[in-house]
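One structure, pasted below without further comment.
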């Protein structure tokens, strides 16, 4: 089963053409500390620092995550990814072809395409699960192990969710069996011991 996951965000991408310059696509693939829409029984939060180890990956910019419509690539310098206080930011210099102008740029400039997405894998132990005060299951992602692509998208489509659902079920089983509470108690006991030792 694939460990690759895809997430989409609303209103985070635009195409701009400064005077006498090629059109650029700019957006955010991910927004930090923002709860996702409900998906598969939980909500997700990407934490600041989650992308720190993947900023030098060879990332592609695709339209709708389709490798047939490549808009840029970090290795070639046509895609620049970075992180600011808001989230994972990207800047694409798309190819000047009729296909890309018709399929991507023109609909973006009209406001028909306004959403952005990214494909990724979570690092081992790179996420935490908990239930909030309202009983909503939350998955906090603290570390991404691989960033595959960033993409302007026509509309959100949460694809390839098997690994996320497996991870949530494992957390629920640990919670229900008491193993989760035991682990929390052991962690708190270790922290108290370290506090006493360092006092």
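Sort out which residues of the stretch 23-50 are surrounded by 18 or more Cβ atoms within 10 Å (Cβ to Cβ) and more than 23 Å from residue 74 (Cα to Cα), and write them in order of number.
Correct list: 36, 42, 44, 45.
Return the pairs, sorted by first residue and then second, in which the second residue is surrounded by fewer than 15 Cβ atoms within 10 Å (Cβ to Cβ), the first residue lies in the stretch 63-82 and is over 15 Å from residue 103 (Cα atoms), the beta carbons are less than 6 Å apart, and the residues are 6+ apart or on different chains.
From the stretch 63-82, the pairs are 74/58; 75/58.
Can we say residue 148 is at pLDDT below 70, surrounded by 13 or more Cβ atoms within 10 Å (Cβ to Cβ) and under 16 Å from the mean Cα position of the chain (by Cα)? It would help to see each step written out before you state the result.
On the way: at pLDDT below 70: no; surrounded by 13 or more Cβ atoms within 10 Å (Cβ to Cβ): yes; under 16 Å from the mean Cα position of the chain (by Cα): yes.
In short, no.
Residue 133 versus (1) at pLDDT 85 or above; (2) surrounded by 12 or more Cβ atoms within 10 Å (Cβ to Cβ): which is the lone unmet condition?
(2)
The values are calculated or read from the model by the stated rules, or taken from the named source; none is laboratory data. Nothing here was measured: the structure is a model prediction, and the numbers come from that model. Ideal geometry is used to build each Cβ from the backbone, glycine not excepted, and the neighbour counts take in all protein chains shown.
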